[in-house]
Every structure is written in structure tokens, then in C-alpha cells.
Amino acid sequence: MQGCKGVGILVTGHSDPSGDPAVNLRLSQKRAEFVIQLISASGLDTSSFVPQGFGDRRPSNVTGPKSRAYYDRRVEFSVVDLQTNVSFNTTRAQAFTPACVSSLQAAVLATKLYS
């Protein structure tokens, strides 16, 4: 990101729909903040990372062998243009992105982190 001025990483936390929606919103915010803390503790500069909690408002719509709640509890990363408020999600193709953002998107898509 050093060569891509005005670009940041939006770290969005999500929760499953069980429980109180207000509690889920706070939990998802803390989830996003904690992931940024972990990344920072590994030595990476996270000054352009922005945490945001969504609670259960954006379900993953992923199905698999585990319960739906398992897939809804997650953190996602999006590259955002902090100057013009343009963003893209790392899971969807975009029609236009500046060259530095396109190369950053390719690097993000090539990175998989599992815990």
C-alpha cells in the first residue's frame, strides 16, 4: 500500500444472527479491531486500516458442512480509496480501479489467512 497514496484497508467484522443485535454489533466491531491488533503485532503498519462492525446485517450466504452461523462469524478486508470514497470488495470484480489499487487487489486476492 505504500505506493498507493490515499488508499486504506477497511476491516469489517461480522457476526451470526443469534442473540441481541446490539450485542452482535459491538462484538463484530471488536472482532475487526482485534484482527487489526493482531496484524499490527506482527509488525505490519496498520495506520491506514479502518475497523467497522456490521453485526449480523450482512450474512455470508456461504453454505457448507458447518452451520450457517459458522460462516457468518468472519472478518473481511476491502481496499478503499480514502480520498474519493470509492471502494471494492475483495470478493467481487470491479469495472474500474486505479492501477495501484488493481495491483493491490491482486495481492489481497492471492492471500488467504485461516485460523
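The values are calculated or read from the model by the stated rules, or taken from the named source; none is laboratory data. Owing to the predicted nature of the structure, the values given are computational and were not obtained by experimental measurement. Ideal geometry is used to build each Cβ from the backbone, glycine not excepted, and the neighbour counts take in all protein chains shown.
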>> Against the definition (in a helix (DSSP H, G or I) and aliphatic (A, V, I, L, M)), how does Leu10 come out, yes or no?
In response: no
>> Taking the criterion of being of a type in the set (Val, Ile, Thr), in contact with a helix residue (DSSP H, G or I) (Cβ under 9 Å, 6 or more places away or on another chain) and modelled with pLDDT under 95, would at least one residue in segment 22-39 satisfy it?
In response: no
> From the set of residues in segment 45-86 that are of a type in the set (A, V, I, L, M) and at pLDDT below 90, which is surrounded by the most Cβ atoms within 10 Å (Cβ to Cβ)?
Replying inline: Val79
> Does Gly43 fit the bill of being within 26 Å of Ala106 (Cβ to Cβ) and part of a strand (DSSP E or B)?
Replying inline: no
